[in-house]
1. When the residues of the stretch A:455-483 are filtered to those that are part of a loop (DSSP other than H, G, I, E, B) and without any contact (Cβ under 8 Å) to a residue 12 or more places away in the chain, which remaining residue is farthest from A:R437 (Cα to Cα)?
2. Within the stretch B:166-198, count every residue that is under 24 Å from the mean Cα position of the chain (by Cα) and under 23 Å from B:M279 (Cα atoms).
3. Could you list, in sequence order, all residues of the stretch B:1-29 that are closer than 18 Å to B:V311 by Cα and at the interface with another protein chain (Cβ under 9 Å from one of its Cβ atoms)?
4. When you scan the stretch A:516-540, how many residues do you find that are farther than 20 Å from A:A385 by Cβ and modelled with pLDDT of 90 or more?
5. Among what's in the stretch A:51-60 and is closer than 15 Å to A:E233 by Cα and in contact (Cβ under 8 Å) with a residue 60 or more places away in the chain, pick the residue that is nearest to the other protein chains (Cβ to nearest Cβ).
6. Evaluate the following for B:V278: is it over 25 Å from B:G115 (Cα atoms), away from chain A (no Cβ under 14 Å) and within 16 Å of the chain's Cα centre (by Cα)?
7. Go through the residues of the stretch B:221-230 one by one and say whether even a single one is assigned to a helix (DSSP H, G or I) and facing another protein chain (nearest Cβ under 10 Å).
8. Which count do you get for residues in the stretch A:397-427 that are over 28 Å from A:R550 (Cβ atoms), surrounded by fewer than 18 Cβ atoms within 10 Å (Cβ to Cβ) and within 30 Å of the chain's Cα centre (by Cα)?
Amino acid sequence: MKPPTLEVEGLRTVFLTDAGPVRAVDGVSFTVDAGETLGIVGESGSGKSVTALSLMRLLEEPARIVGGSMRFQGRDLLAMRPDELRALRGDRMAMVFQDPMTGLNPVIRILRQLTEPMVGHGRFAPSEARRRAIGLLGRMGIASPERNVSRFPHEFSGGMRQRVMLAMGFANDPALLIADEPTTALDVTIQAQILDLLRQLNAEFGTAILLISHDLGVIGSVCRRVAVMYAGEVVEEAPTAAVLEDPRHPYAWALVNAVPRIDQPLGEDRRLVSIEGAPPDALALPPGCRFAPRCPFKVERCEREHPPLAEVAPGRLARCWVTQAGQLLPRTGGAGLGGARAVPSAGAPLLTVRGLVKHFPLPRESLFAPRRVVHAVNGIDLDLARGETLGIVGESGCGKSTLARLVTRIHAPTAGSIVFDGQEIATASAAAIRPLRRRMQMVFQDPYASLNPRMTIGETLAEPLVAHGLAQRGAEVRDRVSGLLATVGLNPAWVSRFPHEFSGGQRQRISIARALALEPELVVADEPISALDVNIQAQILNLMLDLQQRLGLTYLFIAHDLAVVRHLCDRVAVLYLGQVMESAPAEALFARPLHPYTGVLISAVPVPGRARVVLEGEPPSTLIRPTGCPFRGRCPIARPLCETPPPLAEHAPGRWAACHFPGEFAHAGLGA
Amino acid sequence: MLRTVVTRLAGAAIMAVLATLVVFLIANTVPGDPVLAQLGDIAASNPATVAEWRAKWGLDLPLWERYLLFLRGLLQGDLGISIASQRPVLDDIAQYAPATVELATIAFLLALGTGIPLGIAAAVWHDSWVDAAARVISLIGVSSPTFWLAFVMLAIFYGGLQIAPGPGRLDPIAFPPDEVTGLFLIDSLLAGDREAFHDAAAHLVLPSIVLAAATIGLITRTTRAAMLEAMGQDYVRVSRAKGMRESYTILRHVLPNALIPVVTLGGLAYANLLAGAVMTETVFSWPGLGRYTFRSAAALDFPAIMGITLVVSITYLLVNLLVDLSYAMLDPRVGR
């Protein structure tokens, strides 16, 4: 019998730091058979990427493999000489990394980067390699590969680059492909295309795939089995479908339930399961179960004894005393904390946007070149009622973030009107807007970049209070700041700490506290959770729900994660090329989308076992305004009539769509 | 690519015209009356003589008309007459420039040839003894004053060890090769004169090392930093994951990216070497532009100073143009 493609036994990798060895990977074992697909899931710092780099023997100082064994097709990877390893890498065993924007060398043509490994490993002559490179690019779904192969990376979009990276991975027809977060940097539609491709390549070439991701949905749509990692250990290993359905380790349970599912009915209580605390310090791991300090199901034994990874059901392993004793974990998230959702008031809307346009002229490339213009927002109408949450979704470049900056008047619109609480602000002067600023605040995506590293969080939170004269310096400000920290669930004693002393989730809480400092009515949140781990995402979403109920906030919530939007928002507007394609109450929109673009967006969300309609291509350039319906170039149901632009019309109460054939695509076989 | 060349050329031409304007304005608005400087006290007290003299030199014309005349002269290759040498400034510059071009070019090639490999080695084996040695070399190069280094080199290799020739471009008793380019290395080769070639080359060794010292230091540092940055990029890890040899990864993936900032520095450094060899040329009795500049400045020879300033600024423009164009060649994201 042939040995398995990959056999990892008790792998231990440490980072040798001044403070002592950090146990990044601590006794990981798994097996990947020929042609098999295994996923590794876990939050940042759980050791999944270090595992992948250990397998490739690509670790850099100060990381070192200190124990265990790794066998690739029966050969001991740890006993190999550097030249033997080099012969294996990129040949039998290939790896695709997370960020396609930086993974390609900007000064070398695509062709050369593709043929390098083929020629370098002596598998193909240069002319053959060229033919194969073109063939592979075509197979990866790149149009006119003969022409594109001689381009440079910067001429490719992110999705195209990731296809090139995959083609590179498959250059020598490897036995194993390791893909480390290959779709994390991509839009959901492009992610769907790449995941489909991975699945097909696995089926077609019989290449075993080890897929690393923080997203169980992504893993579920490619991998039959999954290993869940926590604090450097595998805590559960089982068929992916089984983990999603019935996780047997409390951490896996938390991962599954922290994420809203687009394919499950929405309950009255929108709170998500979130676990408190942070992963243990890898320098001082607890003696018992590493998850015990955060575990809602722990028993006395968990604190004392470190559980082994043992069988809890046929084909299912878990590292948990509780489930090994036969106990099952509850099906859905714990106790509902709050009551029913507040119903948005029916009075005059807080924010009304009509015909909003924003064009950004680009700097001239040279003295004589014509000036080019980015058409970011091209005529948007929106209404936002008090206490409502309006979600804005769309692919990157659709104008979501520009819209956020327009309604808060960080940018001045090119045309159109923005009425905030009865006051026209589209053309108002900076001085006229200043008093309104405190009534609308923003929360940004990157909690690392949006806090000034040289200010304590106390200063950060006091600044808006003092600037708007809401509190006197001294005791009054101190009281307000303490109150704010308590509101967002942080310890008020931390006021004199600096941002770098906080985790990403805590920083996002600080950003929210800063936005709340002025007691705003409208909070515009631009992708507030997309830089965070799923458990932290759940915490922040719960916090936002809480605050809305307590303070009667109105949210404009911008996100690319459709399941989260469905979960959090009352109404949703779908943007494409700076225009609203569809806007409707969230539940109705997801249950039965009217616009085909909404349909394909929903379909692109990775849900295991669901058939997908993959949207081909990518959004066109925003430098040129399309004629007719902006979506018709990619629309699966486009017809000659679409050459005339469809107006945004109300097709049912509260349901607006800009399509000549509303609802037709959904009937065409998506199935809600 | 062609478009880049054309637009950059047009930009450089505009800058050159602006440079002439600046040079002209500085020379014509400095305090001091040329009438008093050129005419005797008695002649200057006669209004008729002064007016005639002003008319002769065009000083009675408005400033802009004088500028146009100056430009017309430039187009005809006329930079005026040097007060000190009583020869056309252009002829003077043409006489002194080759010595400087030769010295600066050799120093530049030396700086690149030493600094880049040293920087690469320091980055590839960073935190090793190679890195430490490179750091010491670049520190010495950057921080030694030129005049001091020049004297020390002369004292050791000429005075002490007597293995290097003395100052000057050639042995005092040797005849220069027939002039074609004015660059002795090339002229002697063209004339087939081996002896003169060896003589000229030997005389270049010490001054070019002295002149290159600071540039070697700068290029080593910049190369090292750029290499380290490029080595941390994802595409380098991708190359390793593809199983490419380490030497291939360094030379094909890291180096081309690391060279981009080095080119910028190199261009500026070359222009500096051309314009700033005063100290070295003085110590080594090198009959170049640096010494000519020094003499003209000391003699307040305004036509000569204007001519040199113009030549130097045009040199900077040309070098910058070359840097821009090599950018477009090295980095596909620029231009095209």
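1. Restricting attention to the stretch A:455-483, the residues satisfying the condition of being part of a loop (DSSP other than H, G, I, E, B) are A:455-456, A:468-474.
Add one more test, that the residue is without any contact (Cβ under 8 Å) to a residue 12 or more places away in the chain, and what stays is A:469, A:471-474.
On the way: A:G469: 13, A:A471: 16, A:Q472: 19, A:R473: 20, A:G474: 24 Å.
So the residue we want is A:G474.
2. Number of matching residues: 9.
3. Scanning the stretch B:1-29 gives B:G11, B:I14.
4. Residues meeting the conditions: 1.
5. To start, the set of residues in the stretch A:51-60 that are closer than 15 Å to A:E233 by Cα comprises A:51-52, A:54.
Subsequent filtering for residues that are in contact (Cβ under 8 Å) with a residue 60 or more places away in the chain retains A:51-52.
Details: A:T51: 15, A:A52: 10 Å.
My answer is A:A52.
6. On the way: over 25 Å from B:G115 (Cα atoms): no; away from chain A (no Cβ under 14 Å): yes; within 16 Å of the chain's Cα centre (by Cα): yes.
Judged against the criteria, B:V278 is not a match.
7. We begin by selecting, within the stretch B:221-230, every residue assigned to a helix (DSSP H, G or I); these are B:221-230.
When the remaining residues are screened for being facing another protein chain (nearest Cβ under 10 Å), the result is B:230.
Yes, that holds for at least one residue.
8. Of all residues in the stretch A:397-427, those over 28 Å from A:R550 (Cβ atoms) come to A:397-399, A:402, A:406, A:411-417, A:424, A:426-427.
The next check asks that each one be surrounded by fewer than 18 Cβ atoms within 10 Å (Cβ to Cβ); those that pass are A:411-412, A:415, A:417, A:424, A:427.
Subsequent filtering for residues that are within 30 Å of the chain's Cα centre (by Cα) retains A:411-412.
Selection size over the stretch A:397-427: 2.
The values are calculated or read from the model by the stated rules, or taken from the named source; none is laboratory data. Quick caveat, the model's predicted, so the values are computed rather than measured. With ideal geometry, Cβ positions are generated from the backbone for all residues, glycine too; neighbour counts draw on all protein chains shown.
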